[in-house]
1. Using r as the Cβ-Cβ distance of B:Ala71 and B:Arg125, and R0 as 25 Å, what FRET efficiency do you calculate, to the nearest 0.05?
2. Taking the beta-carbon count within 10 Å as an exposure proxy, list B:Phe108, B:Phe95 from fewest neighbours to most.
3. Assuming R0 = 51 Å, what is the FRET efficiency of B:Ala30 and B:Asp151, from their Cβ-Cβ distance, to the nearest 0.05?
4. Per-residue Cβ counts within 10 Å, from other chains only, averaged over A:28-41: what number is that?
5. What order, most packed first, do the peptides A:70-79, B:160-169, B:98-107 have when packing is the mean number of other Cβ atoms within 10 Å of each residue?
6. Mind checking the mean number of beta-carbon atoms from other chains within 10 Å of the Cβ atoms in B:55-62?
7. Sticking with the crude label model, points 7 Å out along Cα→Cβ, report the distance from B:Glu96 to B:Thr191 in nm, one decimal please.
Amino acid sequence: MSTTPHPDPTDLTPRHVSALLQDTTPWLSCEECFERMDTYAEAVVRDPAHTDEAMAAHLRGCAACDEEAQSLVQLLAAQ
Amino acid sequence: MTAVSRDEQRSTTPESPPRTEAVGPTDWVARLGGGGPEQAVALRELHELMLRAAAHQVWRMRPALPDPSPAAVEVIVNQAADEAMTALLGKLHTFEGRSRFTTWAFKFAILQAATEVRRLQWQHREVELRDLDVPIAPTHEGPELYAEGKDLAAAVAAAMHRVLTPYQRRIAIALLVDGVPIDVLADRLGTNRGALYKTLHDVRVRLRAELTANGYLAGRRASSPARTSAASTPRVSPTHTAGTP
């Protein structure tokens with residue numbers, strides 16, 4: 001069984017720093033993100049410039065929700 | 001029932017909308033909640049929707065799978081669709097019609113399929129919760145001695161030791177440095193995605209406050225430019241690479 005990769009102890013990369021310092025306010029939970037995801041995706045498909053500050057903040061900070069939201073938008077756009 | 005193949009997905013065009021699109025949201029809830037042959041038909045159509053969305057998701061993440069063969073993908077798709085359908089039916093009473101029913105349904109399958117792919121990706125990998133082992137920069141040096149780039153990293157590391165609990169540091173390192181997917185970590189710790197994300201949010205709030213207080217970040221409403229390039233924190237998905245090999 002492999003383990004999690006250990007980066008160099010001194011290697012807190014700019015990407016790590018950016019992720020650690022990501023501004024995820026206004027607060028939105030993963031549960032609330034899931035609740036909104038369907039209406040958000042439809043709005044984005046209708047208008048790619050659609051903005052939802054709380055959703056945007058959450059998706060910047062949660063890669064899993066971001067992947068799923070992008071996937072839903074892609075699925076709707078393909079229909 | 002079989003999974004929807006990628007070719008079948010691609011054949012879905014605006015000229016040939018799926019039959020389910022013709023059914024209104026209220027109709028879906030009524031048909032699924034009713035009984036008799038109409039409910040059986042609705043359940044079958046719903047399962048087709050779940051298969052389509054699950055297949056879409058698994059194919060998106062297919063490179064991350066230990067076994068990306070079409071046969072393995074089909075197994076994952078079917079399992080995810082079944083589980084998503086169960087989850088959806090358990091929440092059918094909460095559907096408020098703010099979106100199309102099909103969109104609402106898709107998100108259940110996408111969530112389930114993505115979670116399953118991440119689980120499979122990490123099923124033979126041990127997750128270690130380690131503390132930060134970046135050397136702590138002497139605090140007496142002051143912000144003026146930090147340059148951009150690596151020195152900011154040292155400032156962040158120092159702040160992590162000052163303002164975070166050991167648990168917060170370990171969660172942040174696992175998710176944001178080691179790239180453990182949030183679902184996987186939640187499963188290993190016996191918690192859920194939402195709880196870990198809350199921890200991560202608190203970590204970020206504390207770090208940003210500390211670095212802002214020490215002059216490394218501009219405040220949200222500050223008129224002065226940021227000291228460093230990280231102040232604007234460009235969009236970085238924390239575990240962006242966690243779904244890929």
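1. Using R0 = 25 Å, I get an efficiency of 0.60.
2. Values: B:Phe108 26, B:Phe95 18.
Fewest to most other Cβ atoms nearby, the residues stand as B:Phe95, B:Phe108.
3. 0.25
4. Details: counts 2, 6, 10, 4, 1, 3, 5, 4, 3, 7, 12, 6, 3, 5.
For peptide A:28-41, the averaged partner shielding equals 5.
5. Packing order, densest peptide first, comes out as B:98-107, A:70-79, B:160-169.
6. 3
7. In this crude label model, B:Glu96 to B:Thr191 measures out at 2.8 nm.
Throughout, read-outs are computed from the coordinates displayed, never taken from laboratory work. Computed from a prediction, not measured in an experiment: that's the story for all the values here. Cβ coordinates were reconstructed from backbone atoms using ideal geometry, including for glycine residues, and neighbour counts include every protein chain displayed.
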